[in-house]
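The values are calculated or read from the model by the stated rules, or taken from the named source; none is laboratory data. Since this is a predicted model, take the numbers as computed values, not measurements. A quick note on method: Cβ atoms are made from the backbone with ideal geometry, for glycine too, and the neighbour counts reach across all protein chains shown. Remember, those area values only see protein heavy atoms, side chains included, never the ligands or the DNA or RNA. Shrake-Rupley method; radii C 1.70, N 1.55, O 1.52, S 1.80 Å.
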Amino acid sequence: MVCGIFGGVGVSEQEARIALENINRGNDGITVRAYRDVVLGSRRHLVKISNKEGVREGQSDQPYDSDDRPVSLVFNGEFYNFDEHRAGHLGYAPFKTEGDTEVFLKLYEAEGIDFLKRRDIDSMFALGILDREANKLYVTRDWPGRVPLFYYYDKDSRTFLFSSQLSGLRTLDRVDLNNAHELVPGHYLALDLDTFELEDTCYYQVKAIKKDQEILDIGLELHQRLHQSARNRTMGDVPICTMLSGGIDSLMTTYYVLSNIDFRNVSYQPTSYVFAVEGFDSPDIRRAKIAAEGFRDIGLVHKEVYATGEQLVEDLPDIITLFEMRNIKALSVYPLPIYYYLAPVMKADGFKVTIGGHGVDELLGAYDNWKELNKPHAVQSTYAARLLFINNIWENMMRRASIIFMEQGPIEARFPFLQPAVCEYLLGVDPKWLSISPHNVELMLDLISKRAGPREDWGDKLPWIHDYLVRYLDAGGKPPEGFDEGQRTDVEKLFWKFPLMVAGMHASAESYLPFHLLFNAKLRGQHGAGISSLEPRIVQRYSHLGDTDIEIYRAMVTSAFRLRDGWFRKPVKRGA
């Protein structure tokens, strides 16, 4: 279950409860428990029923206490393949519950903190583990950091606190938020309760899986990996929806997720959502409508969510505060309203989980240049750049998806592309498959000729894209005449995600998914939804805070998190 967790040393049970009341990561109960001078607490967002005995209404079912050892645990996240561990190598262990939290407890009992090194754990998690026998408190989070975890440490005052969000730490006036840090994904902290020394250990380093494969084989293996990842991410006992903005990332995520849910045996309809600024001629809305038609065979309900530009501009201080990114970047702000406005509608419709296509741009180096990101595609698509992107995704996209969806819903967000096995596979894809070239165009045309079917079934875009590719080859691998700059850019961007397109072709060949929907290059969400068009109005409305958007956003963050003068002039530390 994605929850809010809070605890540590140097805090009372009452203070921990107040902190959890300010971490809106679930409406299904709060429990706080003291273990001498260590406090552990949890705020519950019920997704998987545990049937733990003795849990009353208004309580979380955490912390979990071991029956065999003096060990207690709090968990924020989802353990997607917990059943495999429970039935497999932990088959000998007695279990008292039906959920995933107890499986983490059994893993620690069996292997100690080294269980984190297992590569067969498919989970997004943040954990607090108190081992009273070793007299240590561990806190840790997954790689690549799909749920947040902050901490504050002051040895002199014997204070160590951990919190799912800064909003929990912010309830304590004695905590200097300038010295609070976000734990780096794939790391754990070990607090020695005797000496009060704190040790930071990296337990996970991503390893790119490099194979000498042709594009059709790459697409097939990616297709298989994504099917498994999506299947795992449908785990739970609550309704699940998707985000569908029309690009191939959200298209394929929606396909893999919905194809792994048997809608004959659930109480909800397949549903997807897209957001745009009211009155803006949104390419995302247009693309999403076309994409949604591809799912008519399963009865997809596609919903468009709007907010006025005026409302969005007025809500911006609250949106930025919820984001909890103190080292704010302008490019990070503009996608935030998408999550801010989608979450309440999803909740009102009865959903508790949404699934999105996040991570593809990082893994394939497929970002448009904008604001602080100004590297050409040839640089972005290198092995090194893609590794850097994915290792830093938690400082931007993950935080907005996790914190804002939970605060505004609560809605739990899941991401099939961010399963480590999928990440490592995509990071190993040769950059030669990530750009337009005569060889790749020849392969694409061959795939179209064999798989696209009659031209009358190609939709609006594929016919001219096909003609562009033919003439590209005729022109010796140069942009052909007779097409505008927008069309040239669209075609080039398709090849940025060539492996995913081929995975989609495998999906199309075995399902209802129309082939032509794969040929839909998409703008960044903030552009396609019309949010970035509001920049002049934002600068005008908040001109008392600064002359540019980034100056304004920094002023808002400084006020929200009590940042000292000079915060933005200091070197950026990971986890700040």
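What accessible area per residue, rounded to a whole number of Å², is obtained for the range 286-419 using a probe radius of 1.4 Å?
With all protein chains present, the range 286-419 gives 32 Å² per residue.
Once the Cβ-Cβ distance between ASN27 and ASP467 is put in as r, and R0 is 60 Å, what FRET efficiency do you end up with, to the nearest 0.05?
Between ASN27 and ASP467 the formula returns 0.65.
In Å², what does the accessible area per residue of the range 97-196 work out to with a 1.4 Å probe?
Counting only protein heavy atoms, the per-residue value for the range 97-196 is 28 Å².
Over what distance in Å are the Cα centres of the range 72-127 and the range 367-442 separated?
For the range 72-127 versus the range 367-442, the Cα centre distance is 28 Å.
Could you give the length gained on full extension between ARG119 and ASN135, defined as 0.36 nm per residue of separation minus the Cα-Cα distance, in nm?
Separation in residues times 0.36 nm, less the Cα-Cα distance, equals 3.1 nm.
For the range 149-155, in order, what is each residue's ³J(HN,Hα) by Karplus, 6.51 cos²θ - 1.76 cosθ + 1.60 with θ = phi - 60°, in whole Hz (x at glycine and Pro)?
Karplus values, whole Hz, x for Gly and Pro: 7, 10, 8, 9, 9, 9, 5.
Using a Förster distance of 35 angstrom, determine the FRET efficiency expected from the C-beta separation of GLN14 and SER435, and round it to 0.05.
Values: r = 58 Å, r/R0 = 1.65.
With a Förster radius of 35 Å, E is 0.05.
Considering amide H positions built from the backbone, and no H for Pro or chain starts, which residues 5 or more places from LYS329, or on another chain, come under 5 Å of its amide H?
Sorted by chain and number, the residues that satisfy this come to none at all.
Helix-only mean residue ellipticity at 222 nm, the chain, DSSP H runs n ≥ 4 weighted -39,500 (n - 2.57), per residue, nearest 500. What is it?
Numbers: 22 runs with 206 residues, N = 576.
Rounded to the nearest 500, the figure is -10000 deg cm²/dmol.
Express in whole angstrom the spacing between the alpha-carbon centres of the range 1-43 and the range 279-294.
Cα centres, the range 1-43 to the range 279-294: 42 Å.
Counting only Cα, what are the radius of gyration and maximum Cα-Cα distance Dmax of the range 1-100, in Å?
Using the Cα atoms of the range 1-100, the pair Rg, Dmax is 13.9, 40 Å.
Report the extension gain between SER157 and GLU551 in nm, rounded to one decimal, defined as 0.36 nm multiplied by the number of residues separating them, less their alpha carbon distance.
Taking 0.36 nm per residue and subtracting the Cα distance, the gain is 138.3 nm.
Give me the accessible area per residue for the range 474-560, probe 1.4 Å, as a whole number in Å².
I get 41 Å² per residue for the range 474-560.
Taking all protein chains as present, what is the carbon and sulfur share of the accessible area of the chain, in % to the nearest whole number, probe 1.4 Å?
Roughly 48 percent, rounded to a whole number.
May I ask for the net charge around GLY482, where only other residues with Cβ less than 14 Å from the Cβ of GLY482 are counted and Lys, Arg are +1 while Asp, Glu are -1?
Values: positive: ARG471, LYS478, ARG488; negative: ASP467, ASP474, GLU481, ASP484, GLU485.
Surrounding charge for GLY482 is -2.
How many nm is it between the label spots at HIS544 and ASP237, if each spot is 7 Å from the Cα in line with the beta carbon?
Inter-label distance under the simple model: 5.1 nm.
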